[in-house]
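Here is the structure we will look at, set down as structure tokens.
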Amino acid sequence: MSDWFKQAVVYQVYPKSFMDTNGDGIGDLRGVTQKLDYIKLLGADVIWLNPVYQNSGVDGGYDISDYRAIAPEFGTMEDFDELLAQAHARGIRIVMDLVVNHTSTAHAWFRESRSSLHNEKRDFYIWRPPFKGGVPNGMRSCFSGSAWEKDEVTGEYYLHMFAREQADLNWHNPQVRQAVYDMMRWWLDKGIDGFRMDVIDQIAKPPEILESDGGPGGDGASGPRIHEYLREMNREVLSHYDVMTVGEMGSAKVESALRYASLDGSELSMVFQFEHMDADAGPHHKWTTEPLYLPRLKRVFEKWQVGLHGRAWNSLYWCNHDQPRIVSRFGSDADERSRVLSAKMLGACLHMMQGTPYIYQGEELGMTNYPFRDISESQDVEAIGAYRELVEEKHEMTGEQMMACIRRKGRDNARTPMQWTAGKNAGFTTGTPWMNVNPNHETLHAQAQVSEPDSVFAFYQALIALRKSLSVVIEGDFTLLMPEDEQVFAYTRCDGHDTLLVQCNFSGKEARLDESARMGGRILLGNYDCEGPADRLRPWEARIWIR
Ligand code: GLC
Ligand code: CA
């Protein structure tokens, strides 16, 4: 098995918000092609493209109505082919989003499936009769409300773990699996370089979700057949191509990831686990404004770094289209100096760990959350659904409290247009952007950073270059230092040849370093321009040492 994914650095593009080339206010494929040199300049060598397939416009492209067509707002299949060719010409690979837990209810399969109890596609989806005249069981959608929707045509319910326009496919039906594999081969034969697999741990529905018995449904864990299906997909499709794969798996634990992401290559290259993203969760899950308790975050990383070392492969991420901006979350955007320092510190902390790093568009500039005022400014089904449930139905929060949560955690924070210049609409579009541009684009934009040696962009370039030049970053083991400290995140990486020491201050105050977290040697990279005291870190300071 080829393992180029271990050396790779992935840049995630959310096309709708990246670059608009025709003035309709929506980013498009030609916009991605136009900015390939920018991605190359950063040093990333793989692009993960969020869904660009034909869709019904409900969930940012994750409600696909035709897997083999490009959504008109993004361009044409010719535009896609051109992007792929231009990327490959620059040595950049393209990984596509694979969304096969569900399709849009506008997909031809679903339209057939719903048409009658006996249609040959009926069993492509999960249909159940009512239980005592109501929903089959208590399963809840990840986007609030019941996961069951009644369809008037046959009087039965279909399962949707996300929006009601996203009907879950029935992976227990071998015809569904073969139809998906055919579609995957079709894209791979075009020459794409892999897949990011959307909520792939949810495809193998556990038996309790499938009963129309009035029971609770399930707890979000994967069904027992998940490994069987992933192995089959690997055997039938993936193993025939030179690709990387990453499975989005909210339920993955170290134990299951040892199988999902085993270095034996039998399932996937790696998974996106969520445990570090839950480190600042509260009783309403992500909807909280509680600050991070650093020891909790460190424990999660330690568990994954040590647990997978030598046996499976980690992904490394702070941001994506479902997460708020990391600098506003675990760093500080309170003033310009803190923003720049903490964005660099967070980059250093993540990029020196073992695994494949993912950089979400704008993260390399230290882009921040957006100052949402009220719910009418949200476009995201998740936030709108949660607001309805927690504020309007259950009265568990006031509208103001929920808006504070959305400002801190909402997915729309990541989806504001990419900030290219100080000009109108940050250079993203000449028209009216589909989503407001962050007002801070006048000072925070790519043009100002690409040629500025002290910029967040330049620091990310340096981090990528370090990873490419030092094998200890790829192969070394991981040891967490000062585990209980509430300000310092420090660790070593060692491969028997080189030792790296990474010291990060996750606070805006000076922090003391224990003896255990100091080392002789030389500093490879830091975010202050003069060397500070060896036994302390300045606010948001990061230093990477080698010996
Ligand atoms: C994944 C996607 C997210 C989407 C959901 C349903 O979590 O990343 O954006 O809403 O799946 O497809
Ligand atoms: Ca456009």
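The values are calculated or read from the model by the stated rules, or taken from the named source; none is laboratory data. Predicted, not measured: the structure shown is a model, and the values here were computed from it. Note: ideal-geometry Cβ built from the backbone for every residue, glycine included; neighbour counts use all protein chains shown. To get the accessible areas, we keep the full protein, side chains included, count just its heavy atoms, and leave off ligands, DNA and RNA. Shrake-Rupley method; radii C 1.70, N 1.55, O 1.52, S 1.80 Å.
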Problem set entry | GluC sites (Glu not before Pro) within the stretch 122-176, DSSP loop, no more than 14 other Cβ atoms inside 10 Å | Glu152
Exercise. How many percent of the accessible area of the chain is carbon or sulfur, using a 1.4 Å probe?
Worked result: 49
Exercise. For the stretch 54-152, what is one quarter of the convex hull surface built on the Cα atoms, given in nm²?
Worked result: 8.3
Problem set entry | Cα pair distances in the chain, grouped into 10 Å bins until the bin that holds the longest one, percent each | 4, 18, 29, 28, 16, 5, 1, 0
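Over the chain, what is the relative contact order in percent, taking alpha-carbon pairs closer than 8 angstrom and at least six residues apart? Before the final figure, lay out each step's value.
Values: 1183 pairs, mean separation 72.5, N = 547.
Once normalised by length, the contact order is 13 percent.
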For this session: Kindly identify the stretch 144-298 as rounded, prolate or oblate by the Cα gyration tensor criterion: order the square roots of the eigenvalues as a ≥ b ≥ c, call it rounded if a/c is under 1.5, otherwise compare a/b with b/c, prolate if a/b is larger, else oblate.
Result: oblate
Problem set entry | Charge context of Asn369, other residues only, Cβ under 10 angstrom, K/R +1, D/E -1 | +3
Seminar exercise, completed: Over the stretch 372-515, with neighbouring protein chains present, the accessible area per residue in Å² at probe 1.4 Å is 42
For this session: Within the stretch 468-482, which residues have the backbone N less than 17 Å from the label spot 7 Å out from His497 along Cα→beta-carbon, could you tell me?
Result: 468-478
Exercise. Expressed as a rounded percentage, what relative contact order does the stretch 413-547 have, with Cα pairs under 8 Å and six or more residues apart?
Worked result: 16
Problem set entry | 1.4 Å probe accessible area per residue over the stretch 191-262, in Å² | 36
Exercise. Once the other residues with Cβ under 12 Å from the Cβ of Arg296 are scored (Lys, Arg +1; Asp, Glu -1), what is the net sum?
Worked result: -4
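If you take every DSSP beta bridge fully contained in the stretch 1-97, what fraction is antiparallel? Give it as a percent rounded to 5.
25
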Problem set entry | Computed label-point distance, nm, for sites Asp514 and Asp529 using a 7 Å Cα→Cβ extension | 3.5
For this session: Can you tell me the dipole magnitude for the chain around its Cα centre, using point charges on the Cβ only (Lys, Arg +1; Asp, Glu -1), in Debye to the nearest 20?
Result: 760
For this session: Just need the relative contact order of the stretch 182-339 here, percent rounded to a whole number, with Cα pairs under 8 Å and 6+ apart.
Result: 18
For this session: Let me have the 222 nm mean residue ellipticity of the chain computed from DSSP H runs of 4+ only, each contributing -39500 (n - 2.57), with the sum over all residues rounded to the nearest 500.
Result: -8000 deg cm²/dmol
Problem set entry | Entries of Lys6/Lys40; Lys35/Lys424; Lys286/Lys424; Lys16/Lys205; Lys35/Lys253; Lys253/Lys409 with Cα pairs more than 27 Å apart | Lys286/Lys424; Lys16/Lys205; Lys35/Lys253
Seminar exercise, completed: Looks like the stretch 1-72, by Cα gyration tensor root eigenvalues a ≥ b ≥ c and the a/c under 1.5 rounded cutoff (else prolate when a/b is bigger than b/c, oblate otherwise), is oblate
